[in-house]
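Undergrad: I have a structure here, written as structure tokens, and I will follow up with some questions on it.
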Amino acid sequence: MARASSVYVCQACGATHPKWAGRCDACGDWNTLIEEVTQPVAGRASRTRGRQVALTPLDGAVSPVPRRPTGIAEFDRVTGGGLVPGSALLVGGEPGIGKSTLLLQVAAAVSAEARCAYVSGEEAVDQIKLRADRLGLRASGVGLAAATAVRDIAALLAAPDGPEIMVVDSVQTLHLDALDSAPGTVAQVRASAHELIQVAKRRGAVLLLVGHVTKEGLLAGPKVLEHMVDAVLAFEGERGHQFRILRAAKNRFGATDEIGVFEMTDGGLMEVPNPSALFLAEREAGVAGSAVFAGIEGTRPVLVEVQSLIVPSPLATPRRAVVGWDGGRLAMVLAVLEARCGLALNSAEVFLNIAGGLRITEPAADLAVAAALASAESGVPLPPETVVFGEIGLGGEIRAVARTDARLKEAAKLGFGRAIVPARRGTTAAGMELLEVSHVSDLLRHIRPLGAEPLRRMARPESRHA
């Protein structure tokens, strides 16, 4: 009989090593290698002939995926229309962002039609009841339990009258007795999640796993857990803002990059059916350095405010601070403005912020960022009720973006009457004035429509010791 072998697995990144070392070569952490025993396949099993896998024609009939809507429209939007029986979802986010509150509300919303269980490894049952009292959910039929043993939780899920929807909060607290490592390590997280996912798929139950993020921003530690589940939902937000964004990073039963917007209140998380109006509610008109960007998040058009501030810097290397956007893309836009339009911003400190706590990733925000920067540099506000979107190339050209009609329709619905868009044939918008631009220099002429002074160049202030 073949002997069992062992490998050493890093508990920080999941990398495997043939022998023990004090430092992981993959992530650089110290004292994180733990021995795991691997059992090789027996020789008798390797000589056994397997059964032939049956093939199904690609053009065969397809049955629609059954779904169970939760009644929370923003959550159903992100999941693709509801919960799919036999699926596993991982909801990740920073501690205290509202993951437990959201999933408790989801379980309470579907408890009238399905058996639901909420298993917590971090809180006692009385603590969950206190949260339910604050949220007004004590009348729901959600079953509560406090457990960390995977065998016990799997036995509850596999019971004939077991829950059809189970929330496990959180996966870092689970412990499988077959492993010697501590809860929260790579081996425990991977094995515990695998055990519960297999039971849920056999029974056709829905498993909702809560996972915290590490200091590197990874959901529930290793990336291997994201490959095991059917959907990965990231719950984002800043503690200083009341908005929370639920974003689908992976979804086998729906579209990715879809978002749901919630507002954190004393009574729990409230849906925001029109996030554009909420993101622009505190916007002040007539302020230089502000531009409204019409973006697309998944299938939904969203309007957000792009804010910029430019000040002279006494430093040899001025600061570039970005919140809610890619810092590398800001550097590219600044280089284009300087090389193609003559804006001398290399000696100025540049601050950029996406108001409301939303993070923008699409290239269509380039033109709005350029407009905000040019407005801040000149001190001239953009024309009122104007939205901007478009992609900027390195030559200064403005490129068309997808779903222009949906962006303009959302802007018109919120009362915007003017849009600065890439020059493209056939672009129309009922009741809106379109200012088509093909180069960044055309954008600067639209920003200064009332005979404003030429854009001033930022001069580095003289040193006090000069």
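The values are calculated or read from the model by the stated rules, or taken from the named source; none is laboratory data. Note that this is a predicted model, so its numbers are computed, not measured. Counting neighbours? That spans all protein chains shown, and the Cβs are built from the backbone with ideal geometry, glycine included.
Undergrad: When residues of the stretch 225-249 are filtered for being of a type in the set (Val, Ile, Thr), out of contact with any Lys or Arg (no Cβ under 6 Å at 6 or more places or on another chain), farther than 13 Å from VAL261 by Cβ and part of a strand (DSSP E or B), how many remain? Explain how you work it out, then say what you get.
TA: So the first thing to find is which residues in the stretch 225-249 are of a type in the set (Val, Ile, Thr), and the list is 229, 232, 245.
Keeping just the survivors that are out of contact with any Lys or Arg (no Cβ under 6 Å at 6 or more places or on another chain) gives 229, 245.
Next, from what is left, pick out any that are farther than 13 Å from VAL261 by Cβ: 229.
Of the ones still in play, those that are also part of a strand (DSSP E or B) are none.
Of the residues in that region, 0 qualify.
Undergrad: Also, quick follow-up: Can you find a residue in the stretch 292-309 that is in contact with a Leu (Cβ under 7 Å, 6 or more places away or on another chain) and of a type in the set (Asp, Glu)?
TA: yes
Undergrad: Can you tell me which residue among LEU345, LEU352, LEU334 is surrounded by fewer than 22 Cβ atoms within 10 Å (Cβ to Cβ) and out of contact with any Asp or Glu (no Cβ under 8 Å at 6 or more places or on another chain)?
TA: Of the residues listed, the single one that is surrounded by fewer than 22 Cβ atoms within 10 Å (Cβ to Cβ) and out of contact with any Asp or Glu (no Cβ under 8 Å at 6 or more places or on another chain) is LEU334.
Undergrad: Shifting gears a bit: Tell me whether the stretch 210-226 contains one or more residues that are among the basic types (Lys, Arg), crowded, with 19+ Cβ neighbours inside 10 Å, closer than 30 Å to GLU271 by Cα and modelled with pLDDT under 95.
TA: Scanning the stretch 210-226 turns up no residue that is among the basic types (Lys, Arg), crowded, with 19+ Cβ neighbours inside 10 Å, closer than 30 Å to GLU271 by Cα and modelled with pLDDT under 95.
Undergrad: Can you find even one residue in the stretch 308-325 that is farther than 13 Å from VAL387 by Cα, buried (at least 21 other Cβ atoms within 10 Å of the Cβ), polar (S, T, N, Q) and touching a residue at least 40 places away in the same chain (Cβ under 8 Å)?
TA: Yes, that holds for at least one residue.
Undergrad: On to the next question. Quick one: count up the residues across the stretch 147-163 that are touching a helix residue (DSSP H, G or I) at 6+ places or on another chain (Cβ under 6 Å), closer than 19 Å to ALA187 by Cα and not small (Gly, Ala, Ser).
TA: 2
Undergrad: Would you check which residues across the stretch 409-466 are farther than 15 Å from GLU391 by Cα, among the acidic types (Asp, Glu) and at pLDDT 85 or above and list them?
TA: Scanning the stretch 409-466 gives GLU410, GLU433.
Undergrad: If a residue must be of a type in the set (Gly, Ala, Ser), closer than 17 Å to ILE447 by Cα and more than 26 Å from the chain's Cα centre (by Cα), how many such residues does the stretch 378-405 contain?
TA: Summing the residues that are of a type in the set (Gly, Ala, Ser), closer than 17 Å to ILE447 by Cα and more than 26 Å from the chain's Cα centre (by Cα) in the stretch 378-405 gives 3.
Undergrad: For the subset of the stretch 153-179 comprising residues that are more than 22 Å from HIS212 (Cβ to Cβ) and among the charged types (D, E, K, R), which member is modelled with the highest pLDDT?
TA: So the residue we want is GLU164.
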